[in-house]
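The values are calculated or read from the model by the stated rules, or taken from the named source; none is laboratory data. Small disclaimer: the values here were computed from a predicted structure and weren't measured. Cβ placement follows ideal geometry from the backbone for every residue including glycine, while neighbour counts extend to all protein chains displayed.
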Amino acid sequence: MKRVIVVSLEDRKLALMEDGKLVKIYSVAVGKPSTPSPVGTFTVERRVANPTYAHDGRIVPPGPNNPVGSRWMGLSIKGYGIHGTNVPSSIGKAASHGCIRMGKADVEELFSMVAVGDEVELIGARNEETAQLFGDGQNASPNAQSAAKTVLASATPSAPAPAAQQPASASTTLSTLSSVGLAADTGLMIAGSM
């Protein structure tokens with residue numbers, strides 16, 4: 001099965017597609033103007049449930065105060081991922097440091113449906129494909145299925161994604177930060193078991 005996550009930064013929407021079929025559309029927060037989200041085609045490199053967050057000497061264990069929420073899907077571009085948030089009011093806005101933020105229920109649902117190796121397309125400017133896929137910004141248009149096929153047809157072919165991994169809970173100890181599942185990305189560290 002070929003899974004592709006398509007994010008329209010302008011629409012602030014994320015679509016999950018499988019084998020050219022639209023599975024679901026989610027509202028997301030994207031990078032603010034001073035720290036924009038990158039544009040391009042990437043892959044999911046890591047999946048961490050209940051991550052520990054560390055930045056500038058501040059360590060936040062898993063829980064409601066964690067800035068990346070309950071799930072982290074790290075991308076193949078250093079320092080960026082799709083994750084939850086402890087500021088749900090930011091969803092639908094250009095408010096992040098460049099990552100793609102999702103609400104708790106949405107990120108947990110998406111996390112359960114994607115795997116390491118899945119493709120992620122971050123599209124900056126609205127185009128015909130994203131207009132068809134995301135419609136008026138509230139719901140997918142009737143042409144969403146054909147748009148999904150068009151987007152998939154234009155994507156670079158890749159090997160099928162591996163089966164989704166079963167996540168383990170993250171450890172909150174400092175030793176975990178230096179030894180297990182550490183992503184030291186532009187000063188941001190996400191620790192936990194994959």
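Structure data summary
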{"quantity": "Flag if residue 123 is under 10 Å from the mean Cα position of the chain (by Cα), closer than 23 Å to residue 2 by Cα and in contact (Cβ under 8 Å) with a residue 40 or more places away in the chain", "calculated": "no"}
{"quantity": "Only listed residue being at pLDDT below 95 and assigned to a strand (DSSP E or B), chosen from 15, 54", "calculated": "54"}
{"quantity": "From the options 48, 68, 4, residue that is under 13 Å from the mean Cα position of the chain (by Cα), among the aliphatic types (A, V, I, L, M), crowded, with 20+ Cβ neighbours inside 10 Å and assigned to a loop (DSSP other than H, G, I, E, B)", "calculated": "68"}
{"quantity": "Of residues in the range 18-45 being in a loop (DSSP other than H, G, I, E, B) and aliphatic (A, V, I, L, M), the one surrounded by the most Cβ atoms within 10 Å (Cβ to Cβ)", "calculated": "28"}
{"quantity": "The lone exception for residue 70 - which of (1) modelled with pLDDT under 95; (2) touching a His at 6+ places or on another chain (Cβ under 9 Å) it fails", "calculated": "(1)"}
